[in-house]
Amino acid sequence: MRSRIWEPPIELSPKESTVVKRIRKAKLFVFLRQIRHELFDSDFQLELAKIFKDSSVGLSPVPPAQLTLFIILQAYTGVSDDEAIEAIEMDKRWQLVLDCLDCKKAPFSKGTLVKFRALLISYSFDRRLIEKTVEMAKVRGGYNSTSLRIALDSSPLWGAARVEDTYNLLGHALRKALSIIAESN
């Protein structure tokens, strides 16, 4: 399938303005909403699209740029895949950034997210994305680039555990620990 180019609105809608005014502490959401059209300019989206080569006729149902922005939010908030999917369905801040205000259902599934993240990482776009986002924070202001880098670099999405969410990794570790304990008795 061909990847879709994501063209979210640049200007805030009246509904979005209301959400932005209510955000007191989680300023990253406002920052990402303001820069998303620059972060995912046409050149960067075309690079993302090269990763997702045509596999059949038609367009991919989810633009890669939207999924990538979702992964930034997930990394920053430090939530599992399941929690992140729930957040997009229930939290207007996530919906604001991802251009799906008032959505009742996430625009993609957990399976799509896991496959996409693995592909993103295999092409080193995860690191490029961090660098580009941090650089934009430095240049544009509006968000502390140092704290953004620390938050994203320390996320399990970018470390050794970056393909599986934290809860799945804890489950694997617990199973292994229990099997070792059972063998020693």
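How many residues, within segment 88-117, are of a type in the set (S, T, N, Q) and more than 20 Å from L39 (Cβ to Cβ)? Before the answer, list the steps.
To start, the set of residues in segment 88-117 that are of a type in the set (S, T, N, Q) comprises 95, 109, 112.
Checking the rest, the ones that are also more than 20 Å from L39 (Cβ to Cβ) come to 109, 112.
Qualifying residue count for the region: 2.
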**Report entry** Number of positions in segment 80-115 that are assigned to a loop (DSSP other than H, G, I, E, B) and closer than 12 Å to Q66 by Cβ
**Finding:** 6
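Yes or no, residue by residue, for (1) at pLDDT 90 or above; (2) surrounded by 17 or more Cβ atoms within 10 Å (Cβ to Cβ):
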residue	(1), (2)
W94	yes, yes
K105	yes, no
R127	no, no
G141	no, no
N144	no, no
I150	no, no
A161	no, no
L178	no, no
Requested in this report: Could you grab the pairs with beta carbons closer than 6 Å, sequence gap of 6+ or different chains, first residue in segment 63-83 and of a type in the set (S, T, N, Q), second one assigned to a loop (DSSP other than H, G, I, E, B)?
Outcome: Q66/W6; S80/D165
Query raised in the report: Consider D82 against the criteria (1) touching a helix residue (DSSP H, G or I) at 6+ places or on another chain (Cβ under 7 Å); (2) surrounded by 15 or more Cβ atoms within 10 Å (Cβ to Cβ): it satisfies all of them except one. Which criterion is unmet?
Result: (2)
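The values are calculated or read from the model by the stated rules, or taken from the named source; none is laboratory data. Since we're looking at a predicted model, the values are computed, not measured. Please note: Cβ atoms are built from the backbone with ideal geometry, for glycine as well, and neighbour counts cover all protein chains shown.
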